[in-house]
Amino acid sequence: MPRPRRHLRTIPTHTPAPVAAPPGPPNTTWTTIRAGVQHSLGLTPDGHAYSWGDNGNGQLGNGDNTNQSTPVQVRRRALPAGNHYTAITTTSHSLAPDNTGHASSWRPPDKGPLGANPTLNSTTP
């Protein structure tokens with residue numbers, strides 16, 4: 001007796017499609033965009049970092065805790081005049097090395113201290 005034929009289920013596949021980058025400052029292009037846990041970072045050709053998304057704990061690095069759906073510039077408190085960011089990365093915290101080899105980092109206070117000072121939490125670099 002032949003075995004009953006099993007019907008295979010087809011699983012739909014999704015094709016990636018380009019999406020528009022968030023609007024930044026006028027006439028700005030993004031050289032890099034990185035997605036974090038609940039926020040994203042963008043880097044411009046002139047080395048400015050911008051962030052957007054959930055900011056309930058200050059993870060955008062702009063010094064406040066207001067959620068942002070459009071990019072806001074990351075405060076450059078620790079970056080000397082004339083220096084600029086060369087890269088960005090983010091997960092639950094963010095890291096941006098500058099053109100002199102130094103790195104700035106910031107993260108929500110609930111994620112624990114930054115590497116530079118075991119007792120310091122910072123919502124700005």
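The values are calculated or read from the model by the stated rules, or taken from the named source; none is laboratory data. Just so you know, these numbers come straight off a predicted model, no measurement behind them. Cβ atoms come from the backbone with ideal geometry, glycine included; neighbour counts cover every protein chain shown. In case anyone asks, the SASA skips ligands and DNA or RNA and just uses the protein heavy atoms, side chains included. Shrake-Rupley method; radii C 1.70, N 1.55, O 1.52, S 1.80 Å.
What the table below lists for this structure:
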quantity	calculated
Output for region 55-94, where each listed residue is within 21 Å of THR32 (Cα to Cα) and charged (D, E, K, R)	ARG75, ARG76
Given (1) charged (D, E, K, R); (2) free of Cβ contacts under 8 Å to residues at least 24 places away in the same chain; (3) farther than 20 Å from PRO25 by Cα, index of the condition ASP54 fails	(3)
Residue among ARG3, ARG75, ARG34 that is of a type in the set (Lys, Arg) and at pLDDT 85 or above	ARG34
Residue that is on the phi < 0 side of the Ramachandran plot, of a type in the set (A, V, I, L, M) and modelled with pLDDT of 85 or more, where the choices are LEU60, LEU120	LEU60
Output for region 88-102, where each listed residue is open to solvent by 70 Å² or more (accessible area, probe 1.4 Å) and within 13 Å of SER40 (Cβ to Cβ)	THR91
